[in-house]
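Taking it in order: structure first as structure tokens, then the write-up.
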Amino acid sequence: MKIYTKTGDYGETSLYGGKRVKKNHARINAYGTTDELLAHIGLIRDQKINPIYQDDLVEIQDRLFTIGAELAADPEKTKLKRPNLYQSDIHFLEEQIDKMEQDLVPMKNFVLPGGHQTVSFCHIARCVCRRAERTVIDLSEETEVSGLIIIYLNRLSDYLFVLSRKFSAELKAIETPWKPRKENNS
């Protein structure tokens, strides 16, 4: 398989199914941002973390490929074979969030991202996940998109936030609460 095809040299690309669209099409933005998120999660997975989380992150990356395949498919080609996202994938995220939260101190303030590189990677992935969610919502305003994709991305951003807090605790990183400054009347 050749890496370069030269078919995208003029600002167009092919959807799964063959239809050509502009590279700035809402569908391309949606699966491109999902792909970016997938790469950021790989960066988290490459850190020195508990192997349990690495396994979970591999599972999440697999689901993101599933989402990417769905988003990259020509919606007019309904008989294309592609992997599916299920409600159980969302339940998986919720179960992992609940497990991690059991050992965490309840939040009283928003938390400033940082404290440890691994924690910061989680926050970056969370922000990219929120952007992916927004791009998928934009796409859903033009064409039908599975609601499970939007729910999954929403829940994944929650998972990444809780994972950042879990890593802060395990790595003994300082969580810096955000405390709005008091306005002075000068």
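Structure summary
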item	result
Hits in the range 68-124 (condition: of a type in the set (Lys, Arg), in contact (Cβ under 8 Å) with a residue 60 or more places away in the chain and farther than 15 Å from Val162 by Cα)	Lys77, Arg82
The range 33-59, residues that are out of contact with any helix residue (DSSP H, G or I) (no Cβ under 6 Å at 6 or more places or on another chain), of a type outside the set (Ser, Thr, Tyr) and either closer than 13 Å to Phe121 by Cα or touching a residue at least 60 places away in the same chain (Cβ under 8 Å) (or both)	Ala39, Gly42, Asp46, Lys48, Ile49, Asn50
Conditions (1) within 30 Å of Arg181 (Cβ to Cβ); (2) at pLDDT below 90; (3) surrounded by 11 or more Cβ atoms within 10 Å (Cβ to Cβ); number of the one not met by Lys108	(3)
Filter result (among the aliphatic types (A, V, I, L, M) and under 21 Å from Leu153 (Cβ atoms)) within the range 77-110	Leu85, Ile90, Leu93, Ile97, Met100
Tabulated pairs, the range 19-31, first at pLDDT below 70, second of a type in the set (Gly, Ala, Ser) and surrounded by 16 or more Cβ atoms within 10 Å (Cβ to Cβ), C-beta under 9 angstrom, 6+ apart or interchain	Lys23/Gly32
Among (1) without any contact (Cβ under 8 Å) to a residue 24 or more places away in the chain; (2) assigned to a loop (DSSP other than H, G, I, E, B); (3) polar (S, T, N, Q), the one test that Asn154 misses	(2)
Criterion violated by Arg134 - all others in (1) of a type in the set (D, E, K, R); (2) in contact (Cβ under 8 Å) with a residue 12 or more places away in the chain; (3) assigned to a helix (DSSP H, G or I) satisfied	(2)
Test: residue in the range 66-77 that is under 15 Å from Ser168 (Cβ atoms) and among the charged types (D, E, K, R)	no
Candidates Pro83, Pro106 - the one that is over 20 Å from the mean Cα position of the chain (by Cα), at negative phi and not charged (D, E, K, R)	Pro106
Residue among Arg126, Arg134 that alone is modelled with pLDDT of 95 or more, among the basic types (Lys, Arg), under 24 Å from Phe65 (Cβ atoms) and surrounded by fewer than 17 Cβ atoms within 10 Å (Cβ to Cβ)	Arg134
Residue that is modelled with the highest pLDDT [pool: residues in the range 157-186 that are closer than 29 Å to Lys48 by Cα, of a type in the set (D, E, K, R) and in a loop (DSSP other than H, G, I, E, B)]	Lys172
Hey, Asp158 within 18 Å of Gln61 (Cβ to Cβ), among the charged types (D, E, K, R) and out of contact with any Phe, Trp or Tyr (no Cβ under 8 Å at 6 or more places or on another chain) or not	yes
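The values are calculated or read from the model by the stated rules, or taken from the named source; none is laboratory data. Predicted model only: the values in this text are computed from it and were never measured. So basically every Cβ, Gly included, is an ideal-geometry build from the backbone, and we count neighbours across all protein chains shown.
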